[in-house]
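These notes concern the structure reproduced below.
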Amino acid sequence: MMKRIVLVVAAAMLTAAPAFAQHAEVGVFGAWVFSDGVSGSTYVVPGIGAFDRIDPKDAFGWGLDVGVMVGPNAEVGFIYANQPSTLQVSGTTTKDLGDMSINTYHGYFAYNWGEADAKVRPYFLGGFGATSYGAVDFTRFNGSAGTIRGVSRFSSTWGAGVKFYGSSKVGGRAGMRFTPAYIKSDAEGYWCDPYWGCYLVGSAQYANQFDFNFGVTFRF
């Protein structure tokens, strides 16, 4: 459901943008992605260890983006990225569970510094959308088969980098991007106020992706 909402919003943004557009850019990129997950209650497996964390492994990723310039410096667009990874559990020891695919879908706004025809343009972007964690098939420690269902979570994305343009319509790009996805909140205790009374407060946990990316940009 979350992915559908993000894709509909992105399509609406890109459909409305051409009335104000100066030009469009389409990019293809590869990235090395550093990923982490969340912690939880300790689960003890006799003879093997105790586990209290679950994380995707760092891995190579790739993606596509399309942006529309709605002014000399302003840009709106959509980024899709994929990271083929492996889900791990850790604690007193670390074990691989199974292969997992992480997909991200984000509409974004970017600001590009410099003149529209400059050869080098630094940029900053921010956006909102969803991170989708694919299902994981695994073998339990007792030998039986199991499956962890896929799930999608709201996430934001924040990035910065530099675009390089030659004399043609093809350029290069190098940057970094941070994508935190909200996963859950753990009860942290009670907070009390003389007027409002006492209520339970929680500590939010996010699964984060941080990547260094390099790509090719086509300008139209």
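The values are calculated or read from the model by the stated rules, or taken from the named source; none is laboratory data. Computed from a predicted structure; not experimentally measured. We place every Cβ from the backbone using ideal geometry, glycine too, and count neighbours over all the protein chains shown.
The set of residues in the range 154-168 that are of a type outside the set (F, W, Y) and at pLDDT 85 or above comprises S155, S156, T157, G159, A160, G161, V162, K163. Residues that are part of a strand (DSSP E or B) and hydroxyl-bearing (S, T, Y) within the range 89-101 comprise S90, T94, S101, listed in sequence order. Assessment of the range 47-58 against the conditions (over 23 Å from Q205 (Cβ atoms), surrounded by fewer than 21 Cβ atoms within 10 Å (Cβ to Cβ) and either under 13 Å from the mean Cα position of the chain (by Cα) or not charged (D, E, K, R) (or both)) yields at least one matching residue.
Look at (1) more than 29 Å from P46 (Cβ to Cβ); (2) of a type outside the set (V, I, T); (3) modelled with pLDDT under 95 and you find that N142 fails only one, number (1). Restricting attention to the range 169-210, the residues that are touching a Ser or Thr at 6+ places or on another chain (Cβ under 8 Å), modelled with pLDDT under 75 and among the charged types (D, E, K, R) total 2. Scanning the range 137-155 for residues that are assigned to a strand (DSSP E or B) and free of Cβ contacts under 8 Å to residues at least 60 places away in the same chain, we see that the one that is surrounded by the fewest Cβ atoms within 10 Å (Cβ to Cβ) is A145.
Looking at V76, is it touching a residue at least 24 places away in the same chain (Cβ under 8 Å), loosely packed, with under 15 Cβ neighbours inside 10 Å and part of a strand (DSSP E or B)? So V76 does not fit the description; no. When N213 is tested against (1) within 17 Å of V26 (Cβ to Cβ); (2) modelled with pLDDT under 80; (3) under 20 Å from the mean Cα position of the chain (by Cα), just one condition goes unmet, and that condition is (2).
When T104, T86 are checked against the criterion of being of a type in the set (S, T, Y), more than 24 Å from V162 (Cα to Cα), part of a strand (DSSP E or B) and in contact with a strand residue (DSSP E or B) (Cβ under 9 Å, 6 or more places away or on another chain), a single residue qualifies: T86.
Being of a type in the set (G, A, S) and modelled with pLDDT under 95 is true of G91.
Checking G98, G159, G175 one by one, the residue that is small (G, A, S) and surrounded by fewer than 19 Cβ atoms within 10 Å (Cβ to Cβ) is G98 and no other. Within the range 25-52, being of a type in the set (D, E, K, R) and within 19 Å of S132 (Cα to Cα) holds for one residue alone: D36. Scanning the range 115-124 for residues that are in contact (Cβ under 8 Å) with a residue 40 or more places away in the chain and not acidic (D, E) yields A116, A118, K119, V120, R121, P122, Y123. What do you reckon, is W62 over 16 Å from the mean Cα position of the chain (by Cα) and either over 29 Å from R219 (Cβ atoms) or at pLDDT 90 or above (or both)? Judged against the criteria, W62 is not a match. Select from the range 114-153 the residues that are within 16 Å of E75 (Cβ to Cβ) and acidic (D, E) and list them in ascending order. Correct list: E115, D117.
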